[in-house]
1. Do the conditions hold for Pro178, that is, is it part of a loop (DSSP other than H, G, I, E, B), at pLDDT 95 or above and either surrounded by fewer than 11 Cβ atoms within 10 Å (Cβ to Cβ) or acidic (Asp, Glu) (or both)?
2. Tell me, which residue of region 124-142 that is of a type in the set (S, T, N, Q) and over 17 Å from Lys49 (Cβ atoms) is surrounded by the most Cβ atoms within 10 Å (Cβ to Cβ)?
3. Does Tyr131 fit the bill of being in a strand (DSSP E or B), in contact with a helix residue (DSSP H, G or I) (Cβ under 8 Å, 6 or more places away or on another chain), closer than 26 Å to Gln36 by Cα and hydroxyl-bearing (Ser, Thr, Tyr)?
4. Got at least one residue in region 52-68 being assigned to a loop (DSSP other than H, G, I, E, B) and more than 22 Å from Lys133 (Cα to Cα)?
5. Could you list, ordered by first residue, the pairs with Cβ atoms under 7 Å in which the first is in region 97-109 and more than 16 Å from Phe20 (Cβ to Cβ) and the second is outside any loop (DSSP other than H, G, I, E, B) and among the small types (Gly, Ala, Ser), at least 6 apart or interchain?
6. Can you name every residue in region 95-117 that is over 20 Å from Lys49 (Cα atoms) and either under 12 Å from the mean Cα position of the chain (by Cα) or not in a helix (DSSP H, G or I) (or both)?
7. Could you list, in sequence order, all residues of region 135-154 that are within 12 Å of Val58 (Cα to Cα) and either modelled with pLDDT under 95 or among the aliphatic types (A, V, I, L, M) (or both)?
8. Which of the residues spanning region 41-83 are of a type in the set (Gly, Ala, Ser) and either at pLDDT 95 or above or under 17 Å from the mean Cα position of the chain (by Cα) (or both)?
Amino acid sequence: MWLIVPVLLFSSSLVASKVFTACELAQKLNDRFTDQITKGLASREEVSKYYMDIPLLVCIAGYHNFSTSNVVVTDDRVAHNGIFGIVPHDLKGDPALLLDDNIDLDVKTFLEKVLYVAGSLYRNENNRNFYDKLCTYPEVEYVSCYLNNYVFGRYRVPIPLNPNLLYKTYQNRTIQVPW
């Protein structure tokens with residue numbers, strides 16, 4: 001059995017990861033959603049909602065250091081993996097896929113399992129309200145990004161001022177959040 005652990009540790013270190021900037025991630029998400037419409041992989045209604053979620057997704061990624069290899073295990077022993085801190089049991093498949101440089105599965109899982117009610121375009125208001133409060137003033141600062149050839153420099157995305165605030169909130173169930 002002792003041979004399995006080194007092999008697993010070695011194989012997990014071979015996974016390519018990426019650390020985005022806020023603007024790189026906004027561009028990547030915009031391109032991903034545009035491709036979904038172009039390729040007929042999602043309805044226009046679905047993608048139009050997802051376009052509106054780009055600033056929130058960027059902010060949430062900021063709480064995970066914009067890193068696809070981010071892993072945090074909270075005091076209650078729950079792992080939060082990848083750029084959006086997805087709990088592995090919410091994923092169908094190998095949790096290591098949340099830690100590579102391809103964020104397609106991360107985005108799909110976070111939208112479908114966290115921000116929206118599974119299998120629908122109805123927003124999960126409880127989850128969304130939690131993240132909305134973490135992603136608005138005074139918890140964030142805004143940066144302006146170039147998004148595409150038509151939105152070049154005025155696309156504002158929120159960046160957390162204290163990336164540890166999210167996990168402080170997770171760790172202590174009775175914490176008084178500053179809102």
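The values are calculated or read from the model by the stated rules, or taken from the named source; none is laboratory data. Bear in mind that the values here come from a model prediction, so they are computed numbers and not experimental data. Ideal geometry is used to build each Cβ from the backbone, glycine not excepted, and the neighbour counts take in all protein chains shown.
1. On the way: part of a loop (DSSP other than H, G, I, E, B): yes; at pLDDT 95 or above: no; either surrounded by fewer than 11 Cβ atoms within 10 Å (Cβ to Cβ) or acidic (Asp, Glu) (or both): yes.
Against the criterion (part of a loop (DSSP other than H, G, I, E, B), at pLDDT 95 or above and either surrounded by fewer than 11 Cβ atoms within 10 Å (Cβ to Cβ) or acidic (Asp, Glu) (or both)), Pro178 does not qualify.
2. Quick first cut of region 124-142, residues of a type in the set (S, T, N, Q) only: 124, 126-127, 129, 136.
The next check asks that each one be over 17 Å from Lys49 (Cβ atoms); those that pass are 126, 136.
Values: Asn126: 7, Thr136: 13.
Among residues in region 124-142 that are of a type in the set (S, T, N, Q) and over 17 Å from Lys49 (Cβ atoms), the one surrounded by the most Cβ atoms within 10 Å (Cβ to Cβ) is Thr136.
3. Numbers: in a strand (DSSP E or B): no; in contact with a helix residue (DSSP H, G or I) (Cβ under 8 Å, 6 or more places away or on another chain): yes; closer than 26 Å to Gln36 by Cα: yes; hydroxyl-bearing (Ser, Thr, Tyr): yes.
No; evaluated as a whole, the condition is false for this residue.
4. Residues of region 52-68 that are assigned to a loop (DSSP other than H, G, I, E, B), as a first pass: 53, 63-66, 68.
Next, from what is left, pick out any that are more than 22 Å from Lys133 (Cα to Cα): 68.
The answer is yes, given that some residue of region 52-68 is assigned to a loop (DSSP other than H, G, I, E, B) and more than 22 Å from Lys133 (Cα to Cα).
5. That search, which allows pairs on different chains as well, returns nothing.
6. Result: Leu98, Leu99, Asp100, Asp101, Asn102.
7. Across region 135-154, the qualifying residues are Val140, Val143.
8. Result: Ala61, Gly62, Ser67, Ser69, Ala79, Gly82.
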